[in-house]
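Note sheet for the following structure.
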Amino acid sequence: MDTIGLALFTVVGVGKSIALGYPFWVAIIMGSITGAAGGGDFVTYLSMKYLLSSERRFDAMACVVGGIAYWICDLAGMESYACQLIGGSAVFLTRILAVKYHICLPILKGGEEPEE
């Protein structure tokens with residue numbers, strides 16, 4: 001259910017941004033923010049530790065993939081509902097594959113402090 005919510009919030013964010021005339025990169029960022037931190041997740045998991053976990057970081061990447069799919073469909077002149085279905089499906093499939101194959105984004109670790 002979390003993955004379906006992620007897909008729905010993403011396509012709503014991207015679709016609304018595109019409808020308001022924002023550039024595609026703004027629409028993708030807004031869809032990613034809306035999807036990864038929106039809805040029940042934000043209310044249920046107010047912990048920053050959860051929101052910044054490797055699972056959540058990949059959710060944001062799935063939102064970017066779905067946002068790009070939505071934008072490409074919009075460029076191709078497809079109807080809004082078709083863009084929503086394809087964009088949402090891209091988010092859904094990306095997230096499901098990430099969970100199934102334990103795919104996560106790398107964690108940047110700072111180097112050791114230089115000694116003086």
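Observations
- For the stretch 42-63, the criterion of being in a helix (DSSP H, G or I), modelled with pLDDT of 90 or more and surrounded by 12 or more Cβ atoms within 10 Å (Cβ to Cβ) is met by at least one residue.
- For the stretch 1-24, the candidate set comprises residues that are among the aromatic types (Phe, Trp, Tyr) and modelled with pLDDT under 95; within that set, the residue that is farthest from the chain's Cα centre (by Cα) is PHE24.
- ILE103 being out of contact with any His (no Cβ under 9 Å at 6 or more places or on another chain), of a type in the set (Val, Ile, Thr) and in a helix (DSSP H, G or I): no
- Subset of the stretch 76-86 that is over 12 Å from ILE4 (Cα atoms) and under 19 Å from the mean Cα position of the chain (by Cα) - its residue that is surrounded by the fewest Cβ atoms within 10 Å (Cβ to Cβ): TYR81
- Considering residues of the stretch 25-41 that are at pLDDT 90 or above and of a type in the set (A, V, I, L, M, F, W, C) only, the residue least open to solvent (accessible area, probe 1.4 Å): ALA27
- Here LEU93 fulfils each of the conditions (1) more than 16 Å from THR3 (Cβ to Cβ); (2) open to solvent by 40 Å² or more (accessible area, probe 1.4 Å); (3) modelled with pLDDT of 90 or more apart from (1).
The values are calculated or read from the model by the stated rules, or taken from the named source; none is laboratory data. Everything numeric in this text was worked out from a predicted model, so none of it was measured. Note: ideal-geometry Cβ built from the backbone for every residue, glycine included; neighbour counts use all protein chains shown. Side chains included, ligands, DNA and RNA excluded: accessible areas come from the protein's heavy atoms. Shrake-Rupley method; radii C 1.70, N 1.55, O 1.52, S 1.80 Å.
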